[in-house]
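Report on one structure; see the data block that follows.
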């Protein structure tokens, strides 16, 4: 996968190459959008949800046709970078001519998706690195008057340790009261996490402006776990989900946060497929999700449920997962510290916010013009139940998110979980196949099957 958030728009008419690309894209998730005409390419660019970051156009069209198209795109999308795809070496341009024509690069004899992604990684290097992280001006081991809203909590037990600390790390003593325990650049003690856990300090705090670096580190950690089939991969994915959910709730929906949301969803899907292929149960992942951030837990369950219901492509499952990850954005947009508890325990202003958050969340997403309508509808409908009446408007994605949200509240993160009540009573408000899917996930038989 390329290291940019969004898509590469391909405008191509070489049929042999097109067939090769379409075959590969159909088999796996891809950041490529393929068109065969300039008209279709312009239509794709006009859709904000496509989030097109670069255009790769085939030299086979000829510069006489390409130049007017580039002018139209410039009016529409500003300074979007261009790549020239050259199938015949004799048509390669010199560096001077390439720049004159307005191209950032050219791709010689592209063969497959991998050859395109390789070039994209050169044009879009890793967004985050450790360069520029320096010790902040606060003194260590002194009580500091700082604002809670400027920091992000990270679970102490899961805090990732490296050779040296790349973050300025604080302990929160009380509301808006902190003490700095590490400067960026300090070495970690081998018992760092245990030392603070023993002191009953459940979270360590990192400045909000540095948190994206920590999320970057946790994403690499999760990817490594999947690649190496590490026994703690479930925990790594849950930890990444926690940081993604915290960032979306406390910092907001940004390109960086959507990038890591996409990677979290991708890693979750890869891990679930890995477990299914190996014949393993999902018990380890479900256990980790018991203490996960609510949106992250709902996103993983929704992806698992979608897969069980027959959603096959990574792209389709990611749509479900993204809707689940953002289902409570109407709450966290207004109140990032909203209690992740059973709605029946809420009181006062929390009840009012809870009652209107679904529609407000959908409006927030709609105004951003970044999301598919199915995501927006799922957020709007995630507290609605399926109706057996003809013409009822809830879509399947919305029901998946709703049922997953209910499962996390009533079973996974409940102080008094009752799986049988959830399966036999609460799921009766949904399509029958959702109950069947949950029973398959939890390996629970129906009364008829048990006979």
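The values are calculated or read from the model by the stated rules, or taken from the named source; none is laboratory data. Because the structure is a prediction, the values reported are computed rather than measured. Neighbour counts are summed over all protein chains in view; Cβ atoms, including those assigned to glycine, are modelled from backbone coordinates with ideal geometry.
Inspect all residues belonging to the stretch 373-381 and state whether any of them is assigned by TED's automatic domain parsing to the domain that holds residue 324 and at pLDDT below 85.
no
Give the residues of the stretch 158-205 that are part of a helix (DSSP H, G or I) and surrounded by 15 or more Cβ atoms within 10 Å (Cβ to Cβ), sorted by residue number.
158, 192, 193, 196, 197
Would you call residue 22 without any contact (Cβ under 8 Å) to a residue 12 or more places away in the chain, more than 20 Å from the chain's Cα centre (by Cα) and not in a loop (DSSP other than H, G, I, E, B)?
no
Those residues that are over 19 Å from the mean Cα position of the chain (by Cα) and touching a residue at least 60 places away in the same chain (Cβ under 8 Å), I need them from the stretch 264-290; list them, please.
Across the stretch 264-290, the qualifying residues are 281, 282, 290.
Of 137, 210, 111, which residue is over 21 Å from residue 232 (Cβ atoms), more than 22 Å from the chain's Cα centre (by Cα) and either in the same structural domain as residue 338 (by TED's automatic domain parsing) or in contact (Cβ under 8 Å) with a residue 60 or more places away in the chain (or both)?
111
Could you figure out which of (1) touching a residue at least 40 places away in the same chain (Cβ under 8 Å); (2) touching a helix residue (DSSP H, G or I) at 6+ places or on another chain (Cβ under 9 Å); (3) closer than 29 Å to residue 312 by Cα isn't true of residue 17?
Unmet condition: (2).
Given the criteria out of contact with any helix residue (DSSP H, G or I) (no Cβ under 8 Å at 6 or more places or on another chain) and either surrounded by 24 or more Cβ atoms within 10 Å (Cβ to Cβ) or outside any helix (DSSP H, G or I) (or both), does residue 295 qualify?
It is false that residue 295 is out of contact with any helix residue (DSSP H, G or I) (no Cβ under 8 Å at 6 or more places or on another chain) and either surrounded by 24 or more Cβ atoms within 10 Å (Cβ to Cβ) or outside any helix (DSSP H, G or I) (or both).
Would you confirm whether any residue within the stretch 242-257 is in a loop (DSSP other than H, G, I, E, B) and within 27 Å of residue 145 (Cβ to Cβ)?
Yes, the conditions are met somewhere in the stretch 242-257.
Return the residue satisfying two criteria in turn: it lies in the stretch 94-140 and is farther than 21 Å from residue 9 by Cα and crowded, with 16+ Cβ neighbours inside 10 Å, and of such residues it is modelled with the lowest pLDDT.
Applying the filter and picking the extreme gives 128.
Of everything in the stretch 55-71, what is more than 25 Å from residue 373 (Cβ to Cβ) and either touching a residue at least 60 places away in the same chain (Cβ under 8 Å) or part of a strand (DSSP E or B) (or both)? Give them in sequence order.
Across the stretch 55-71, the qualifying residues are 56, 57, 58.
Can you pull out the residues in the stretch 78-114 that are in contact with a strand residue (DSSP E or B) (Cβ under 7 Å, 6 or more places away or on another chain) and part of a helix (DSSP H, G or I)?
89, 98, 113
Consider residue 34 against the criteria (1) surrounded by fewer than 18 Cβ atoms within 10 Å (Cβ to Cβ); (2) touching a residue at least 24 places away in the same chain (Cβ under 8 Å); (3) within 26 Å of the chain's Cα centre (by Cα): it satisfies all of them except one. Which criterion is unmet?
With respect to (1) surrounded by fewer than 18 Cβ atoms within 10 Å (Cβ to Cβ); (2) touching a residue at least 24 places away in the same chain (Cβ under 8 Å); (3) within 26 Å of the chain's Cα centre (by Cα), residue 34 is out only on (1).
Which residue, of 223, 234, is crowded, with 21+ Cβ neighbours inside 10 Å and either under 26 Å from residue 283 (Cα atoms) or in contact with a strand residue (DSSP E or B) (Cβ under 8 Å, 6 or more places away or on another chain) (or both)?
Values: 223 fails: crowded, with 21+ Cβ neighbours inside 10 Å.
Every option except 234 fails the conditions.
Take the residues in the stretch 305-354 that are part of a helix (DSSP H, G or I) and without any contact (Cβ under 8 Å) to a residue 12 or more places away in the chain, then tell me which one is surrounded by the most Cβ atoms within 10 Å (Cβ to Cβ).
Per the criteria, the residue is 316.
Using the structure shown, decide if residue 254 is crowded, with 23+ Cβ neighbours inside 10 Å, free of Cβ contacts under 8 Å to residues at least 60 places away in the same chain and closer than 20 Å to residue 31 by Cα.
no
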